[in-house]
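These notes concern the structure reproduced below.
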Amino acid sequence: MSHADTLFVNMCREILDHGYSSEGQKVRPRWEDGTPAHTIKAFGIVNRYDLSREFPALTLRPTAIKSAVDEMLWIWQKKSNNIHDLHSRIWDAWADEDGSIGKAYGYQMAQKYKFPQGEMDQVDNVLWNLKHQPYSRRIMTNIYNFSDLSEMNLEPCAYSMTFNVTGDRLNAILHQRSQDVLAANNWNVVQYAVLVYMFAQVSGLKPGELVHVIADAHIYDRHVPLIRELIERPQYPAPTFTLDPSITDFYDFTPDSVRITNYQKNPQIKGIPIAV
């Protein structure tokens, strides 16, 4: 069975059985009808995915893997903060009339800094280090820029990646301040797993571990019955993942560079309400 399913079920049960409810507290998020969106949360969730063994897609319900990859490339490759450069509609609620989400996500990735090897942005610095000094302990990105927070339409949830090479394996830690477990958990896991696969391929490395650290992992009140049904579903083996082996430059990847086969999964949950 998919290890991603096992981790997801265990996390959800921990939150439901032992989590802290925000009922009675003042909360920022609202449902579409204006009702406060309360959560049950767990602090400091850590999930480990061995990418050398399987691709961490849920089989409890489908993850739209190519759409997830498209959003990841929008941030890391296009370094865009405009929804007109994105093929899905998931950022529409946070965009202004021109399509901008402010100085967030891709905008931060595009900023250039002075590194020892020259001026470049954070993504190019990671790629340079993985090729030239892969055993460095300083290969990381961080888009939680305090000086720009007031000009971000949404402060970054997944905000930092730390890369570390062990032998010929590329490992990474994804730090996330907050996560809507039902709507976003496997979406983010899939995105950053694919990023590790891509960075490994163009750097002559093999994928290793992805460690996902979530400070506030929460289930919204209106998601609780959906989660309870979801975690009781049958589980299947993880799908097979491959990348176009001809690509040696990260900037040449597209969502179509990803191939997923043997993806056996349960039906999708439709109409998941999203708190904003």
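All told, Val196 meets the bar of being aliphatic (A, V, I, L, M) and out of contact with any Ser or Thr (no Cβ under 7 Å at 6 or more places or on another chain).
Among the residues of segment 216-233, at least one is in contact with a Phe, Trp or Tyr (Cβ under 7 Å, 6 or more places away or on another chain), open to solvent by less than 60 Å² (accessible area, probe 1.4 Å), in contact (Cβ under 8 Å) with a residue 60 or more places away in the chain and within 21 Å of Ala158 (Cα to Cα). Taking segment 176-185 as the range and being part of a helix (DSSP H, G or I) and open to solvent by less than 10 Å² (accessible area, probe 1.4 Å) as the test, the residues that pass are Val181, Leu182, Asn185.
Every condition in (1) within 14 Å of the chain's Cα centre (by Cα); (2) closer than 23 Å to Gly208 by Cα is met by Pro156 except one, and the failing one is (2). Of the residues making up segment 203-223, those that are touching a Leu at 6+ places or on another chain (Cβ under 7 Å) and not in a strand (DSSP E or B) are Ser203, Leu205, His223. When segment 63-94 is filtered for residues that are assigned to a helix (DSSP H, G or I) and hydroxyl-bearing (Ser, Thr, Tyr), only Ser67 remains. Once segment 255-276 is narrowed to residues that are out of contact with any Phe, Trp or Tyr (no Cβ under 7 Å at 6 or more places or on another chain) and polar (S, T, N, Q), the residue that is surrounded by the fewest Cβ atoms within 10 Å (Cβ to Cβ) is Thr261.
Within segment 1-31, being in contact (Cβ under 8 Å) with a residue 60 or more places away in the chain, over 19 Å from Lys265 (Cα atoms) and touching a Pro at 6+ places or on another chain (Cβ under 7 Å) holds for Arg30, Trp31.
Of the residues contained in segment 48-60, none is found to be over 30 Å from Thr166 (Cα atoms) and touching a strand residue (DSSP E or B) at 6+ places or on another chain (Cβ under 9 Å). On the given criteria, is Lys103 basic (Lys, Arg) and touching an Asp or Glu at 6+ places or on another chain (Cβ under 7 Å)? It is true that Lys103 is basic (Lys, Arg) and touching an Asp or Glu at 6+ places or on another chain (Cβ under 7 Å). Would a scan of segment 67-76 turn up a residue that is of a type outside the set (Ser, Thr, Tyr), modelled with pLDDT of 95 or more and open to solvent by 30 Å² or more (accessible area, probe 1.4 Å)? Scanning segment 67-76, I find no residue that is of a type outside the set (Ser, Thr, Tyr), modelled with pLDDT of 95 or more and open to solvent by 30 Å² or more (accessible area, probe 1.4 Å), so the answer is no. Scanning segment 9-22 finds no residues that are at positive phi and not polar (S, T, N, Q).
Of all residues in segment 236-251, which are open to solvent by 50 Å² or more (accessible area, probe 1.4 Å) and under 18 Å from Ile65 (Cα atoms)? Before you say what the answer is, go through the steps one by one.
So the first thing to find is which residues in segment 236-251 are open to solvent by 50 Å² or more (accessible area, probe 1.4 Å), and the list is 236-237, 240, 242, 244-246, 248-249, 251.
Within segment 236-251, Tyr236, Pro237, Thr240, Thr242, Asp244 meet the criteria.
Pairs linking a residue in segment 235-246 that is over 18 Å from Val189 (Cβ atoms) to a residue that is of a type outside the set (Phe, Trp, Tyr) and open to solvent by less than 50 Å² (accessible area, probe 1.4 Å), with Cβ atoms under 7 Å and 6 or more positions apart or on different chains, are Asp244/Ser257.
Every condition in (1) open to solvent by 30 Å² or more (accessible area, probe 1.4 Å); (2) assigned to a helix (DSSP H, G or I); (3) without any contact (Cβ under 8 Å) to a residue 60 or more places away in the chain is met by Tyr197 except one, and the failing one is (3).
Taking the numbered list (1) open to solvent by 10 Å² or more (accessible area, probe 1.4 Å); (2) farther than 27 Å from Tyr113 by Cα in turn, Asn164 passes all entries but (2).
The values are calculated or read from the model by the stated rules, or taken from the named source; none is laboratory data. As the structure is a computational prediction, the values presented were derived from the model and not from experiment. Quick reminder, even Gly has a Cβ in these numbers, built from the backbone with ideal geometry, and neighbours come from all protein chains shown. Please note that ligands, DNA and RNA were not included when accessible areas were found on the heavy atoms of the full protein model with its side chains. Shrake-Rupley method; radii C 1.70, N 1.55, O 1.52, S 1.80 Å.
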